[in-house]
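Visitor: If you scroll down you'll find the structure; I have some questions about it.
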């Protein structure tokens, strides 16, 4: 993942976004001490920059493209999607799709309106949001931003095999695992878990590039 990039998940309450799919952004782990020192310095620089210029509300995000086909978590076996059986009385209501795949992303605006759960060393930053598309009814959303510089800092041993596997995980891998889990529990969305509407790369207007994931 490039410096300044972050991953986010959005729980959209009233509308759906379906855009041209691409792969999730890769994370390239440092392979030696010199590479780790460079990576760690970039994380500290990004964190300080975000602290010096915090998000103000409302703040607008540009949707760049959708990310699909998440990699399964390490150690998981390839399998067909599970079929969840739940009584029809508990099935979620169907929501119409307000946006189509052919609509340009430039016509879609996502605005962060207030923080819900944010801070250093969290796995993600969570906000209330609002989605607007010209000519369509606006919709409310919950935005989960996986921001690498705000996650727990790694140490050199995390990358040299000196600590237990998965003791530290990158923000983009956290987002992929959540996307993979959402895909496995599609039938439960709207009942036990929120509706998922995809994972997206976005750009915050006054900041650097983000990897955004919407659900």
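Just so you know, all these numbers are worked out from the coordinates, no wet-lab data involved. Nothing here was measured: the structure is a model prediction, and the numbers come from that model. Virtual Cβ from ideal backbone geometry, glycine too; neighbours counted across all protein chains shown.
Visitor: Starting with the highest mean, order 51-61, 184-194 by the number of other Cβ atoms within 10 Å, averaged over the residues of each peptide.
Guide: 184-194, 51-61
Visitor: Starting from 0.36 nm per residue, how many nanometres of slack lie between residue 132 and residue 76 once their C-alpha separation is accounted for?
Guide: 16.4 nm
Visitor: Once Rh for the range 118-159 is found with the Kirkwood sum over Cα pairs, what is the Stokes-Einstein diffusion coefficient at 4 °C and 1.567 mPa s, in µm²/s?
Guide: Taking Rh from Cα pairs, D becomes 103 µm²/s.
Visitor: Give me the extension gain from residue 56 to residue 68: residue separation times 0.36 nm, minus the current Cα-Cα distance, reported in nm with one decimal.
Guide: Gain in length upon complete extension: 1.4 nm.
Visitor: Computed over the Cα atoms, what is the radius of gyration of the range 29-75 divided by 2.2 N^0.38 Å, N being its residue count?
Guide: Ratio of Cα Rg to 2.2 N^0.38 Å: 1.71.
Visitor: While we're looking at this one, here's another question. If packing is taken as the average count of other Cβ atoms within 10 Å, what order do 132-145, 168-181, 23-36 fall into, highest mean first?
Guide: 168-181, 132-145, 23-36
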